[in-house]
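Engineer: Just dropping this structure here.
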């Protein structure tokens, strides 16, 4: 395959999709985490049913787990998969952090920095005592011994990826992580993101060599691009409709792309329970800019645009009405990738 590809897994079809992606030569299979499933359970299942494809959390939500549990889960998945696991982390958003986990969403960059530092130290099998703003291990008034991971390591260092949106978060990803997981990405926004990542890498005394840039891209294959858009409207309605509009990162991204009024309409209808109305309000132009849609030749052209702007691995989410349709979509993506020059 000429370029590197990843696939986002749905828990209901995770095993056959991951196996087909492996057969087709995909580099990576990622399990998202949200309203329908956790990532660790899906990844553990897929780890035992595949042999070569790398696996990643896409992403473990930082407010949901202590850093010690994340390190333990990551080490376990790496062992089960024979050293194929990459740890994707994200600070989530205010509604999920506070509404699901009761964790205040303040100073998220500091929380992320401390979290990654603790996880890295734990994965290196250090005894982890930590006195930070967000994490104290153990608390100052405790006589408990510090945490140490005893899972036998498979390799010296596990890659850590961060999901990030804003410039400061992207710079942090460049500074402390090994890769960036993007969402709602145009080719041009990938280029801007890489610029922020480069600044973070420079702050840490490193260049971009070896850093992974992984935009997530919904994909729908159809000769009629309008029909392809319709297949993914529900996905975008969910993210644009999530929680309070003013705190919705995804709606903010749409607004910066010139679709603020449309995103507000989607959010309003979604909050009112009008899911069909919310889907109908998702602007076609927005969907087309951040997805791979249409026939194989058009998808291949879009892939070239992302690669020219700094993407290193394209992570696709195959949208189709059936599980077999998802497999056919993966095959079409692989076919498009074969026609793209490395």
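The values are calculated or read from the model by the stated rules, or taken from the named source; none is laboratory data. Just so we're clear, the structure is a prediction, and the values are computed from it rather than from any experiment. With ideal geometry, Cβ positions are generated from the backbone for all residues, glycine too; neighbour counts draw on all protein chains shown.
Engineer: For the range 118-125, does any single residue satisfy the condition of being on the phi > 0 side of the Ramachandran plot and assigned by TED's automatic domain parsing to the domain that holds residue 202?
Structural biologist: Checked the range 118-125: at least one residue is on the phi > 0 side of the Ramachandran plot and assigned by TED's automatic domain parsing to the domain that holds residue 202.
Engineer: A follow-up question, please. Is it true that residue 254 is under 24 Å from the mean Cα position of the chain (by Cα), within 17 Å of residue 184 (Cα to Cα) and modelled with pLDDT under 95? Talk me through it step by step, then tell me what you get.
Structural biologist: Details: under 24 Å from the mean Cα position of the chain (by Cα): yes; within 17 Å of residue 184 (Cα to Cα): yes; modelled with pLDDT under 95: yes.
Answer is yes for this residue.
Engineer: Among what's in the range 144-163 and is in a loop (DSSP other than H, G, I, E, B) and touching a residue at least 60 places away in the same chain (Cβ under 8 Å), pick the residue that is farthest from residue 75 (Cα to Cα). Full working, then the answer.
Structural biologist: Pass one, the range 144-163, residues in a loop (DSSP other than H, G, I, E, B): 144-146, 149-159.
Checking which are touching a residue at least 60 places away in the same chain (Cβ under 8 Å) leaves us with 149, 151-155, 158-159.
On the way: 149: 9, 151: 6, 152: 8, 153: 7, 154: 8, 155: 10, 158: 9, 159: 12 Å.
Result: 159.
Engineer: Let me ask you something else. Out of 325, 273, 258, 277, report the one residue that is surrounded by fewer than 22 Cβ atoms within 10 Å (Cβ to Cβ) and under 30 Å from residue 167 (Cβ atoms). Spell out how you get there, then give the answer.
Structural biologist: Details: 325 fails: under 30 Å from residue 167 (Cβ atoms); 273 fails: under 30 Å from residue 167 (Cβ atoms); 277 fails: under 30 Å from residue 167 (Cβ atoms).
Of the residues listed, the single one that is surrounded by fewer than 22 Cβ atoms within 10 Å (Cβ to Cβ) and under 30 Å from residue 167 (Cβ atoms) is 258.
Engineer: Looking only at the range 4-18, count every residue that is in contact with a strand residue (DSSP E or B) (Cβ under 6 Å, 6 or more places away or on another chain) and within 19 Å of residue 220 (Cβ to Cβ) and tell me the total.
Structural biologist: To start, the set of residues in the range 4-18 that are in contact with a strand residue (DSSP E or B) (Cβ under 6 Å, 6 or more places away or on another chain) comprises 4-9, 18.
From what's left, within 19 Å of residue 220 (Cβ to Cβ): 5-9.
So the count comes out to 5.
Engineer: Say whether the condition of being over 22 Å from residue 333 (Cβ atoms), surrounded by 22 or more Cβ atoms within 10 Å (Cβ to Cβ) and at pLDDT 95 or above is met by at least one residue in the range 2-14.
Structural biologist: Let us first name the residues in the range 2-14 that are over 22 Å from residue 333 (Cβ atoms), namely none.
No.
Engineer: Being outside the structural domain of residue 29 (by TED's automatic domain parsing), in contact (Cβ under 8 Å) with a residue 60 or more places away in the chain, under 23 Å from residue 9 (Cβ atoms) and part of a helix (DSSP H, G or I) narrows it down to one residue among 231, 237; which is it?
Structural biologist: Values: 237 fails: in contact (Cβ under 8 Å) with a residue 60 or more places away in the chain.
Answer to the check: 231.
Engineer: What are the residues in the range 274-332 that are within 23 Å of residue 256 (Cα to Cα), out of contact with any strand residue (DSSP E or B) (no Cβ under 6 Å at 6 or more places or on another chain), in contact (Cβ under 8 Å) with a residue 40 or more places away in the chain and not in a helix (DSSP H, G or I), if any?
Structural biologist: Listed by number, the residues that qualify are 282, 290, 309.
Engineer: Quickly run through the range 168-210 and pick out the residues that are more than 28 Å from residue 293 (Cβ to Cβ), free of Cβ contacts under 8 Å to residues at least 40 places away in the same chain and in contact with a helix residue (DSSP H, G or I) (Cβ under 7 Å, 6 or more places away or on another chain).
Structural biologist: 171, 174, 175, 198, 199, 200, 201, 203, 204, 207, 208
Engineer: Taking residue 41 as the residue in question, decide whether it is out of contact with any helix residue (DSSP H, G or I) (no Cβ under 9 Å at 6 or more places or on another chain) and under 30 Å from residue 127 (Cα atoms). Write out each step before concluding.
Structural biologist: Working: out of contact with any helix residue (DSSP H, G or I) (no Cβ under 9 Å at 6 or more places or on another chain): yes; under 30 Å from residue 127 (Cα atoms): yes.
When the stated conditions are applied, residue 41 passes them.
Engineer: Among the numbered conditions (1) without any contact (Cβ under 8 Å) to a residue 12 or more places away in the chain; (2) in contact with a strand residue (DSSP E or B) (Cβ under 6 Å, 6 or more places away or on another chain); (3) farther than 26 Å from residue 182 by Cα, tell me where residue 121 comes up short.
Structural biologist: Only one criterion is unmet by residue 121, namely (3).
Engineer: Also: Quickly run through the range 168-207 and pick out the residues that are surrounded by 15 or more Cβ atoms within 10 Å (Cβ to Cβ) and either part of a loop (DSSP other than H, G, I, E, B) or modelled with pLDDT under 95 (or both).
Structural biologist: Listed by number, the residues that qualify are 177, 178, 183, 184, 185, 186.
Engineer: Exactly one condition in (1) over 18 Å from the mean Cα position of the chain (by Cα); (2) on the phi > 0 side of the Ramachandran plot is false for residue 143; which is it?
Structural biologist: For residue 143, the exception is condition (2).
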